[in-house]
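Colleague: Before I ask anything, let me first share the structure, which is written out below as structure tokens.
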Amino acid sequence: MMDMDSRSRPAQPHWFERYIQPCVAELLGSALFIFIGCLSVVEDTGGTGRLQPALAHGLALGLSIAVLGGI
């Protein structure tokens, strides 16, 4: 019979995964969000109004969450 104290604890994550990777993911996600948002208003056509920047920001945010959300 196995004793409850003899189980090994899970290994702690590496310092890179704990500190550096989330910071890089935040930087990359923010840069992508701001870059796509700014590019969406560079060429403003009269018919789009506020819809084009709103959709571009929404799609950039969704893409950032889908790609970097696991980190």
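Colleague: Could you work out the helix-only [θ] at 222 nm for the chain, with each DSSP H run of four or more residues adding -39,500 (n - 2.57) and the total divided by the number of residues, to the nearest 500 deg cm²/dmol?
Modeller: Dividing the helical sum by the residues of the chain leaves -18500 deg cm²/dmol.
Colleague: For the chain, just run the numbers: alpha carbon Rg, then divide by 2.2 N^0.38 Å, N being how many residues it has.
Modeller: Here the Cα radius of gyration is 1.89 times the empirical estimate.
Colleague: Rolling a 1.4 angstrom probe over the protein heavy atoms, how many square angstrom per residue are accessible across the chain?
Modeller: Solvent-accessible surface per residue comes out at 88 Å².
Colleague: Rounded to whole Hz and in sequence order, give me ³J(HN,Hα) for region 61-71 from the Karplus expression 6.51 cos²θ - 1.76 cosθ + 1.60, θ = phi - 60°, writing x for Gly and Pro.
Modeller: 5, x, 5, 4, 5, 5, 7, 9, x, x, 8
Colleague: With a 1.4 Å probe and every protein chain kept in, tell me what percent of the accessible surface of region 16-69 is carbon plus sulfur.
Modeller: About 71 percent, which is the carbon plus sulfur part of the accessible surface.
The values are calculated or read from the model by the stated rules, or taken from the named source; none is laboratory data. For clarity, every value in this text was computed on a predicted model and none was experimentally measured. Each accessible area value is taken on the protein alone, full model and side chains, heavy atoms only, with ligands, DNA and RNA left out. Shrake-Rupley method; radii C 1.70, N 1.55, O 1.52, S 1.80 Å.
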